[in-house]
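Shown next, in structure tokens, is the structure this report addresses.
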Amino acid sequence: MTAEIINGKELAQTLREEMSKEVTELKNQGIVPHLTVILLGDNPASKSYVNGKKKASGETGISSDVIEMSASTSEKELLQKIHELNDDESVHGILVQLPLPDHINEQHVIEAIKPAKDVDGFHPVNIGRMMTGHDTFLSCTPYGILTMLKSYDIPIEGKHAVIIGRSNIVGKPVGQLLLNENATVTYCHSKTSSLIDYTKDADILIVAVGRPNVIDNKHVKEGAAVIDVGINRLENGSLTGDVDFDAVKEKAGYLTPVPRGVGPMTITMLLKNTIKAAKGLAESEG
């Protein structure tokens, strides 16, 4: 068996083409979906991510701007800027690029963003709505993973999903989304003993630990869907995931590559959330 490769880049492009039609319809109603990103400091990786978001926004017709602030900006100054954007009716989505400088409390920043403009899906109100199965802004990477599984008609209901990683951004929410879809979900993490005992029984295996090639073919059940969320830069400059791609592709049924897998979907779901926010404003004013 050779796995079917889940091409996140192609799927993202298809979805963005559909989204651009939605944006055109909103513009015809006099609403221009707008995303504002706040970037603190000059972290090269963060700058690259922000540029990618801005470029993708433009391709779908979404208006966007980036507010660049010094790494020495105080938490009070940052919160004040967020409050200004909360009150700006032309801004539908607000995103503060993480990570933040050490002197700023990340949770304070996340909670300052109005839930109706929290297109990252990190606010406790939106997390709570997701946990209870209500309509809300879903965290972008988990939302992208769920969309990939559904787009490739990979069965979820009644299947055993194993999540490796328990971050608030990926691990915890993606498990909850799969639970909402009636999967049986097991969480594994750095303190899990005998990891292989769990992974080899997974119909869906999602790996988000940030360590290269931590999963090889002996960890994987024959025919399983393996979603690799990790992105690691090796000494030679190349990118690799958390899964040994060449080994696992001979055993898995479906497999995401790194790059061109989960990454493009994350940005795409951010755009989808921004459009959803703009539609919410249109409905509240209608």
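What to note about this one:
- Evaluated at q = 0.08, 0.11, 0.13 Å⁻¹, a Debye calculation over the C-alpha positions of the chain (equal weights, vacuum) places log10 I(q)/I(0) at -0.34, -0.66, -0.91.
- For the range 145-150, putting each phi into the Karplus relation 6.51 cos²θ - 1.76 cosθ + 1.60 with θ = phi - 60° gives couplings of 5, 4, 5, 4, 4, 5 Hz, in residue order, rounded to whole numbers and with x for Gly and Pro.
- Count Lys and Arg as plus one, Asp and Glu as minus one, and take only other residues whose Cβ is under 11 Å from that of I110; the net charge is then -4.
- The heavy atoms of R166 present about 120 square angstrom of accessible area, all protein chains included, probe 1.4 Å.
- Note on M130: accessible area approximately 10 square angstrom, rounded to 10, probe 1.4 Å, nucleic acids and ligands left out.
- Using C-alpha pairs under 8 Å with a sequence gap of at least 6, the mean separation divided by the residue count of the chain gives a relative contact order of 23 percent.
- Stretchable slack from K191 to D87, in nm (0.36 nm times residue separation minus alpha-carbon distance): 33.1 nm
- If you plug the beta carbon distance of R260 and K200 into 1/(1 + (r/R0)^6) with R0 = 22 Å, you get a FRET efficiency near 0.25.
- The H on the amide N of S167, modeled in the peptide plane, is under 5 Å from the matching H of K172, each at least 5 residues off or on a different chain.
- Potential extension, M1-S74 segment - 0.36 nm per residue separation minus Cα distance: 20.8 nm
- Only helices enter this figure: runs of n ≥ 4 DSSP H residues, each worth -39500 (n - 2.57), summed and divided by the residues of the chain, yield -13000 deg cm²/dmol at 222 nm to the nearest 500.
- Solvent accessible area, Å² - Y152, 1.4 Å probe, full protein context: 50
- Relative contact order computed over the range 164-286 (Cα-Cα under 8 Å; 6+ residues apart), in percent: 19
- Taking every protein chain into account, the accessible area of the chain amounts to 47 square angstrom per residue (probe 1.4 Å).
- The range 1-47 and the range 55-84: distance between their alpha carbon centers, rounded to Å: 17
- Amide H contacts under 5 Å for E68, placed H, 5+ residues apart: L39
- Largest first, the residues H83, H219, H189 sort by 1.4 Å accessible area into H83, H189, H219.
- Taking a point 7 Å out from the Cα of I231 in the direction of its Cβ, the residues of the range 117-155 whose backbone N falls within less than 16 Å of it are 140-145.
- Of the accessible area of the range 67-206, computed with a 1.4 Å probe over protein heavy atoms only, carbon and sulfur atoms account for 49 percent.
- Sites N168 and A247, calculated FRET efficiency, Cβ-Cβ separation with R0 30 Å, nearest 0.05: 0.50
- Percent antiparallel among DSSP beta bridges (both partners in the chain, rounded to 5): 5
- Between V119 and I94, the built amide H atoms are under 5 Å apart, and every one of these is 5 or more places off in sequence or on another chain.
- In plain terms, the chain from E10 to K55 could stretch by 14.6 nm, reckoned as 0.36 nm per residue minus the Cα-Cα distance.
- 13 Å beta-carbon shell around E18, net charge (K/R +1, D/E -1): -1
The values are calculated or read from the model by the stated rules, or taken from the named source; none is laboratory data. Since this is a predicted model, take the numbers as computed values, not measurements. Here Cβ is always computed from backbone atoms with ideal geometry, including for glycine, and neighbour counts include all displayed protein chains. All accessible areas refer to the heavy atoms of the entire protein, side chains included, with ligands and DNA or RNA removed. Shrake-Rupley method; radii C 1.70, N 1.55, O 1.52, S 1.80 Å.
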